[in-house]
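Presented below is the structure to which this report refers.
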Amino acid sequence: MVKAIKAGALYTGRPEPPLQNMYVSWNEGRIISVTRRKPRGAEIVGEYPVVTPAFIDAHSHIGMRRAGDPPDEGESNERLDSVLPYLDAIHSVYMDDPAFKDSVEHGVLYSCVLPGSGNIIGGRSALIRNYADDVEEAFVKHTGMKAAFGYNPRSTYEWKGTRPYTRMGAAGILRRWLIKASDTLKLVEKGKKSLEEVEPEVKAIFPVIKGEEPLRVHVHRADDVIALLMLKKEFGFKATIEHAGDIYREKTFSKIREAGIPVIYGPLDAFPYKTELRHYSWRNIAALIKASPLYGLMSDHPVTLQRNLYLQLRFFLRQGMSRGEALSLITLRNAEILGVADKLGTIEKGKWASLIAWSGDPFSLDSYPTLVVAEGQIFVEE
């Protein structure tokens, strides 16, 4: 059965003003039309002042660090060793985390979950559905290999395995493994070594060396960003910069743009609790906006609650960004960075029917989602 809603104002997810008086219809989980004409034969679910695409959190630890659990029950970091590329974040996600329901009610339907940043290589990240019953149903795709620079990996020297005490130690260990994986891959490609002979740790890094998956790098300081850019030049891998909270110079963001590295920025409402965040301020986004690399936003849940992801947009509005541009940061831009823009991020024909209908202007404090549709299924209705 074809279903449809009418939007007084429809934000498509693209950085543009909303369309007025539009109908969005869907069937079997996908959008089949976006039009001003009432679709024939469709069940009209309702009429709403504003409709937006579902929100995507591009960096979180939801389900790994769970609401109501004591800190020592958290599973975002594996302390077995500092380089663990064969780990998969979804194997530490519990879908009964109460935070998932909270997020869905606030329109955040998709999360990229990553291992924490205590390890130099922490494992693979994955995009999941927040509304699924188990991780197999939740899984959408893998989204890259987590790595970390700066304070976090060097603060874990008491954990097991080879651990760095300094920033150069952390960068050196990462470089050593990149060299090992690169050299081993060359031997395999030349037929001098069979794939079966390669250790799982090395084999797991091959997708990064081949450019098939990005290295998702936790990094805050400009110094560590430059170290990452130098490694990227040396090895030619794809990367995303995760956080970048301490960067306050436009020049650094411009270098990131020139290197073609996307930024998953934030979170903007966290407390700067460590030395590498001494320049942390929401005002740094002025330099980010001006340099304009490809960037989206994160919650880093539970560092900031995922349900409050869209509240970070207020800072971008204050810097002069339009509402459509701001909304694109947690819809289309995050979808592009995560490689799912063919499915999510905008409301248009052929995309997954995942959207939010609002009681009023989403940028007003008295507005809230009254209808949340996830791939054609209604999960919230007030």
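The values are calculated or read from the model by the stated rules, or taken from the named source; none is laboratory data. Everything numeric here is computed off the predicted structure, so don't read it as measured data. Note that each Cβ is placed from the backbone with ideal geometry, even for glycine, and that neighbours are counted across all protein chains shown.
Quick test for you: out of LEU174, LEU187, pick the one residue that is within 24 Å of the chain's Cα centre (by Cα) and part of a helix (DSSP H, G or I). Reasoning before the result, please.
On the way: LEU187 fails: within 24 Å of the chain's Cα centre (by Cα).
It is LEU174.
Evaluate the following for TYR94: is it in a loop (DSSP other than H, G, I, E, B) and either of a type in the set (Phe, Trp, Tyr) or within 30 Å of ILE32 (Cα to Cα) (or both)?
Details: in a loop (DSSP other than H, G, I, E, B): yes; either of a type in the set (Phe, Trp, Tyr) or within 30 Å of ILE32 (Cα to Cα) (or both): yes.
The answer is yes for TYR94.
Identify the single condition in (1) surrounded by fewer than 17 Cβ atoms within 10 Å (Cβ to Cβ); (2) at pLDDT 95 or above; (3) more than 19 Å from ARG129 (Cβ to Cβ) that PRO15 does not satisfy, given that it satisfies every other one.
Unmet condition: (1).
Among the residues of segment 319-335, which ones are touching a residue at least 40 places away in the same chain (Cβ under 8 Å) and in contact with a strand residue (DSSP E or B) (Cβ under 9 Å, 6 or more places away or on another chain)?
Initially, segment 319-335 is screened for residues touching a residue at least 40 places away in the same chain (Cβ under 8 Å), giving 322-325, 327-328, 330-332, 334-335.
Those that are touching a residue at least 40 places away in the same chain (Cβ under 8 Å) and in contact with a strand residue (DSSP E or B) (Cβ under 9 Å, 6 or more places away or on another chain): LEU327, SER328, ILE330, THR331, LEU332, ASN334, ALA335.
Would you pick out the residues in segment 82-103 that are buried (at least 22 other Cβ atoms within 10 Å of the Cβ) and under 16 Å from THR304 (Cα atoms)?
Selection gives ALA99, PHE100, SER103.
For the condition touching a Leu at 6+ places or on another chain (Cβ under 6 Å) and of a type in the set (D, E, K, R), what is the one hit in LYS146, LYS101, LYS180? Steps first, answer last, please.
On the way: LYS101 fails: touching a Leu at 6+ places or on another chain (Cβ under 6 Å); LYS180 fails: touching a Leu at 6+ places or on another chain (Cβ under 6 Å).
After ruling out the rest, the residue left standing is LYS146.
Pick from GLY41, GLY13: which is among the small types (Gly, Ala, Ser) and out of contact with any strand residue (DSSP E or B) (no Cβ under 9 Å at 6 or more places or on another chain)? I'd like the intermediate steps shown before the answer.
Working: GLY13 fails: out of contact with any strand residue (DSSP E or B) (no Cβ under 9 Å at 6 or more places or on another chain).
One residue alone meets the criteria, GLY41.
All but one of (1) surrounded by fewer than 13 Cβ atoms within 10 Å (Cβ to Cβ); (2) assigned by TED's automatic domain parsing to the domain that holds THR143; (3) small (Gly, Ala, Ser) hold for SER60; which doesn't?
The single condition SER60 does not satisfy is (1).
Is it the case, given these coordinates, that GLY339 is surrounded by fewer than 18 Cβ atoms within 10 Å (Cβ to Cβ) and of a type outside the set (Val, Ile, Thr)? Steps first, answer last, please.
Working: surrounded by fewer than 18 Cβ atoms within 10 Å (Cβ to Cβ): yes; of a type outside the set (Val, Ile, Thr): yes.
Yes: the conditions hold for GLY339.
Could you tell me which of the residues ARG124, ARG154, ARG129 is at pLDDT below 95 and either touching a helix residue (DSSP H, G or I) at 6+ places or on another chain (Cβ under 8 Å) or of a type in the set (A, V, I, L, M) (or both)? So that I can check it myself, show each step before the final result.
Numbers: ARG124 fails: at pLDDT below 95; ARG129 fails: at pLDDT below 95.
Criteria check complete, one pass: ARG154.
Residues to consider are LEU332, LEU297, LEU338; find the one that is in contact with a helix residue (DSSP H, G or I) (Cβ under 7 Å, 6 or more places away or on another chain) and in the same structural domain as HIS59 (by TED's automatic domain parsing). Reasoning before the result, please.
Details: LEU332 fails: in contact with a helix residue (DSSP H, G or I) (Cβ under 7 Å, 6 or more places away or on another chain); LEU338 fails: in contact with a helix residue (DSSP H, G or I) (Cβ under 7 Å, 6 or more places away or on another chain).
Matching residue, one of LEU332, LEU297, LEU338: LEU297.
Filter segment 152-169 down to residues that are aromatic (Phe, Trp, Tyr) and within 15 Å of LEU80 (Cβ to Cβ) and give me whichever is surrounded by the most Cβ atoms within 10 Å (Cβ to Cβ). Spell out how you get there, then give the answer.
Going through segment 152-169, the residues aromatic (Phe, Trp, Tyr) turn out to be 157, 159, 165.
From the residues that got through so far, the ones that are within 15 Å of LEU80 (Cβ to Cβ) too are 157, 159.
On the way: TYR157: 13, TRP159: 16.
The residue in question is TRP159.
Would segment 199-214 turn up any residue that is buried (at least 19 other Cβ atoms within 10 Å of the Cβ), in contact with a Ser or Thr (Cβ under 6 Å, 6 or more places away or on another chain) and outside any loop (DSSP other than H, G, I, E, B)?
Yes, there is a match, as at least one residue in segment 199-214 is buried (at least 19 other Cβ atoms within 10 Å of the Cβ), in contact with a Ser or Thr (Cβ under 6 Å, 6 or more places away or on another chain) and outside any loop (DSSP other than H, G, I, E, B).
Can you tell me how many residues within segment 301-317 are closer than 18 Å to LEU327 by Cα, in contact (Cβ under 8 Å) with a residue 60 or more places away in the chain and either touching a strand residue (DSSP E or B) at 6+ places or on another chain (Cβ under 6 Å) or of a type in the set (Phe, Trp, Tyr) (or both)?
3
If you take the residues in segment 142-171 that are of a type in the set (Gly, Ala, Ser) and in a helix (DSSP H, G or I), which one is farthest from the chain's Cα centre (by Cα)?
Of all residues in segment 142-171, those of a type in the set (Gly, Ala, Ser) come to 144, 147-148, 150, 155, 161, 169-171.
Right, trim to in a helix (DSSP H, G or I) and you get 169-171.
Values: GLY169: 27, ALA170: 24, ALA171: 23 Å.
Checked segment 142-171; the qualifying residue farthest from the chain's Cα centre (by Cα) is GLY169.
Check segment 269-281 and report whether any residue there is under 29 Å from PRO115 (Cα atoms), out of contact with any helix residue (DSSP H, G or I) (no Cβ under 7 Å at 6 or more places or on another chain) and free of Cβ contacts under 8 Å to residues at least 24 places away in the same chain. Break it down into steps so the answer makes sense when it comes.
So in segment 269-281, the residues under 29 Å from PRO115 (Cα atoms) come out as 269-281.
So of that shortlist, the ones also out of contact with any helix residue (DSSP H, G or I) (no Cβ under 7 Å at 6 or more places or on another chain) come out as 270-273, 277-281.
Now narrow it down to the ones that are free of Cβ contacts under 8 Å to residues at least 24 places away in the same chain: 271, 273.
So far as segment 269-281 goes, yes, one or more of its residues are under 29 Å from PRO115 (Cα atoms), out of contact with any helix residue (DSSP H, G or I) (no Cβ under 7 Å at 6 or more places or on another chain) and free of Cβ contacts under 8 Å to residues at least 24 places away in the same chain.
Yes or no, residue by residue, for (1) charged (D, E, K, R); (2) assigned to a strand (DSSP E or B); (3) assigned by TED's automatic domain parsing to the domain that holds LYS274; (4) over 14 Å from the mean Cα position of the chain (by Cα):
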| site | (1), (2), (3), (4) |
| --- | --- |
| ARG65 | yes, no, yes, yes |
| SER76 | no, no, yes, yes |
| PHE100 | no, no, yes, yes |
| CYS112 | no, yes, yes, no |
| ASN119 | no, no, yes, yes |
| GLY123 | no, yes, yes, yes |
| VAL140 | no, yes, yes, no |
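Test each condition in (1) over 24 Å from ARG323 (Cα atoms); (2) touching a residue at least 12 places away in the same chain (Cβ under 8 Å) for GLU73 and report the one that comes out false.
(2)
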